[in-house]
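All remarks here apply to the structure that follows.
The values are calculated or read from the model by the stated rules, or taken from the named source; none is laboratory data. The shown structure was predicted, so the numbers you read here are calculated from the model rather than taken from an experiment. Positions of Cβ are generated from backbone atoms using ideal geometry, with glycine treated the same way; all protein chains shown enter the neighbour counts.
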Amino acid sequence: MIISTNKKFIFIHIPKTGSTSITNALCSYSTYNITFFRYINRFQKNINKSVLLRGGQLAYIVGANCQLVNRVFKYENINHAVGIINNKLNVNIKLKKINSTIRERNYRKYYNKKTREIVRVCFMNDIARFGYTF
């Protein structure tokens, strides 16, 4: 997690979401850089840690009856998001591919009927909130 008091932003890198490139691009603006789980410990009364360990993304951004962040950007709209970030923070970050995984572009090919159902049940709130289909 990057905290910039100068630019007045906090960037939360949710593990396994492709945000390493953004983290690296924003590091030069960092006033503080703490691990995500240290951040979670500070807000533990609002966050169900068992959900975090299971992987639901909403658990990272929504606490007890409140949203913990002002803005959520989707990976599939990353270039548009970088434009918004650059304008809002008056910066000029450029993304470089870092830590990319070589794999099939169509993620659906990795799932069968049983595993699709597991994902549907475990992540139903994320799928609904972010408008995904599976």
Practice task
Give the residue that is nearest to VAL82 (Cα to Cα), with candidates limited to residues of the range 94-124 that are of a type in the set (A, V, I, L, M) and loosely packed, with under 10 Cβ neighbours inside 10 Å.
Solution key: ILE102
Completion exercise
Among (1) loosely packed, with under 14 Cβ neighbours inside 10 Å; (2) at pLDDT below 80; (3) of a type in the set (Val, Ile, Thr), VAL51 falls short only on (1)
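Would you confirm, using the coordinates I've provided, whether LYS94 is more than 18 Å from SER4 (Cβ to Cβ) and of a type in the set (D, E, K, R)?
When the stated conditions are applied, LYS94 does not pass them.
Which one of VAL91, VAL82 is in the same structural domain as SER21 (by TED's automatic domain parsing), surrounded by 15 or more Cβ atoms within 10 Å (Cβ to Cβ) and out of contact with any helix residue (DSSP H, G or I) (no Cβ under 7 Å at 6 or more places or on another chain)? Before you say what the answer is, go through the steps one by one.
On the way: VAL91 fails: out of contact with any helix residue (DSSP H, G or I) (no Cβ under 7 Å at 6 or more places or on another chain).
Residue meeting the stated conditions: VAL82.
Does LYS45 satisfy the condition of being modelled with pLDDT of 85 or more, exposed (fewer than 11 other Cβ atoms within 10 Å of the Cβ) and either under 18 Å from ILE3 (Cβ atoms) or among the basic types (Lys, Arg) (or both)?
Working: modelled with pLDDT of 85 or more: no; exposed (fewer than 11 other Cβ atoms within 10 Å of the Cβ): yes; either under 18 Å from ILE3 (Cβ atoms) or among the basic types (Lys, Arg) (or both): yes.
So LYS45 fails the test.
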